Amino acid sequence: MKPWLKWALRIVAALSVIGAAGYWWLLIESGSPPGRYRIDLAAVRARATSIPGEAPREARVETIGEAAFPSVAVTAGDGWSPIPMTFFAYELVFADGIGIVDTGMDKADAAAMNATSFDDDAFKRLTDAMITAKFVVVTHEHQDHIGGLIKHPQIKAVLAHTILNPQQARDVGGMMTAITWPAGALDGYKPTDYDPYLAIAPGVVLIRAPGHTEGSQMVYVRLASGKEILFIGDVAWKRRNIDEVRERARLITWLMNEDRSAVLDELAVLKRLAAENPDLAIVPGHDGAAVGALVASGVLAAGFR
Ligand SMILES: [Zn+2]
């Protein structure tokens, strides 16, 4: 073999090893949780009864639209076949009003996320509900959760009863830059800092969960019936991420500027919580099957009122 050919083959072999290692690292390997995150469910439950009054009578879900991501983006090591990503918003119905958890995004922002469907009527119901709500909270500051607030035609009126933590009340960088706060919208707005839990209404407690974004939080709800629901935002896009403690592909978490270790920790905690509390309804960020099952079993009601 000619010396130059031998070298060429060696370089090709080296590149393919590097390529295979890179592929494994960026798209297959998930990592292991460092074990620093905690949720003290007893403490959360105690907070849930700290504000006097009747807990929500029901929790309702509005389906705003849907997109499709490659499976490997959702769960490291999965293939390239498309998997549906459903966009949701939630309504907590109290005797004397409603609370909103997550605000979806408008049609233009959904199109920017390559949505394959968008329900204009559902988004209108959500937009209207945000005006009359007692409170509005978001699980995190990405456009598919906070976009309905940032683009709201009456943003000042809605912000008057919106509870955002400091990391949520600022513009987001990275992959979700399609959306920015309108000039002056946050003037005079005071974010609410807390750590690690904050009761905001009877039966409703915010739980700090930084990782997917700095402002990420979970929303614990104990309905008047006693049923417990945990809205976890995008800590997990799918229930499978929790059950297998597997994160999004590392390439995706890099692009999203996510704290991967923190999210892996949260997935491990959620898996343990689920095992110890089989009646606790965990609601992942974009899992149409999981949300559909909760509707079918009566934990969530379909559509805002
Ligand atoms: Zn999301």
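Quick note: the coordinates plus some simple rules give every number you see, no bench work behind them. These numbers were taken from a predicted model, which means no experiment stands behind them. Please note: Cβ atoms are built from the backbone with ideal geometry, for glycine as well, and neighbour counts cover all protein chains shown.
Descriptive notes on the structure:
- Beta bridge orientation in the chain: antiparallel %, DSSP, nearest 5: 75 percent
- Close amide H partners of Ile282, meaning residues 5 or more places away or on another chain with modelled amide H under 5 Å apart, are Leu230.
- Length-normalised contact order for the stretch 40-170 - Cα pairs under 8 Å, 6+ apart - percent: 23 percent
- Reduced Cα scattering model of the stretch 128-247, Debye log10 I(q)/I(0), q = 0.10, 0.13, 0.19, 0.20 Å⁻¹: -0.32, -0.54, -1.12, -1.22
- Only helices enter this figure: runs of n ≥ 4 DSSP H residues, each worth -39500 (n - 2.57), summed and divided by the residues of the chain, yield -9500 deg cm²/dmol at 222 nm to the nearest 500.
- Virtual spin-label span in nm between Ala14 and Val295, 7 Å along Cα→Cβ: 5.6 nm
- A simple packing score, the average count of other Cβ atoms within 10 Å per residue, orders the peptides 115-122, 240-247, 225-232 as 240-247, 225-232, 115-122, with the highest score first.
- Quotient of C-alpha Rg and 2.2 N^0.38 Å, computed over the chain: 1.08
- Rounded to two decimals, the Cα-based Rg/Rh of the stretch 12-92, with Kirkwood Rh, is 1.21.
- For the stretch 1-128, the residue among Ile98, Gly22, Trp4 whose Cα projects farthest onto the positive side of the dipole built from Cβ charges is Trp4.
- For the stretch 227-244, backbone phi angles converted through the Karplus equation (6.51, -1.76, 1.60; θ = phi - 60°) give residue-by-residue couplings of 5, 9, 10, 10, 7, 9, x, 9, 3, 10, 6, 10, 4, 4, 4, 6, 4, 9 Hz, Gly and Pro being listed as x.
- Computed from phi, the 3J(HN,Hα) profile of the stretch 138-143 under the Karplus parametrisation 6.51, -1.76, 1.60 (θ = phi - 60°) reads 10, 6, 6, 9, 9, 4 Hz, with x in place of Gly and Pro.
- Our summary gives the stretch 1-80 a relative contact order of 40 percent, counting only alpha carbon pairs under 8 angstrom and 6 or more residues apart.
- Remark on Trp237: its backbone amide H falls under 5 Å from those of Gly285, a criterion applied only to residues 5 or more positions apart or on other chains, H modelled at 1.01 Å from N.
- Across Gln168, Gln154, Gln143, mean-square fluctuation computed from a Gaussian network of the chain (C-alpha pairs under 10 Å connected) peaks at Gln154.
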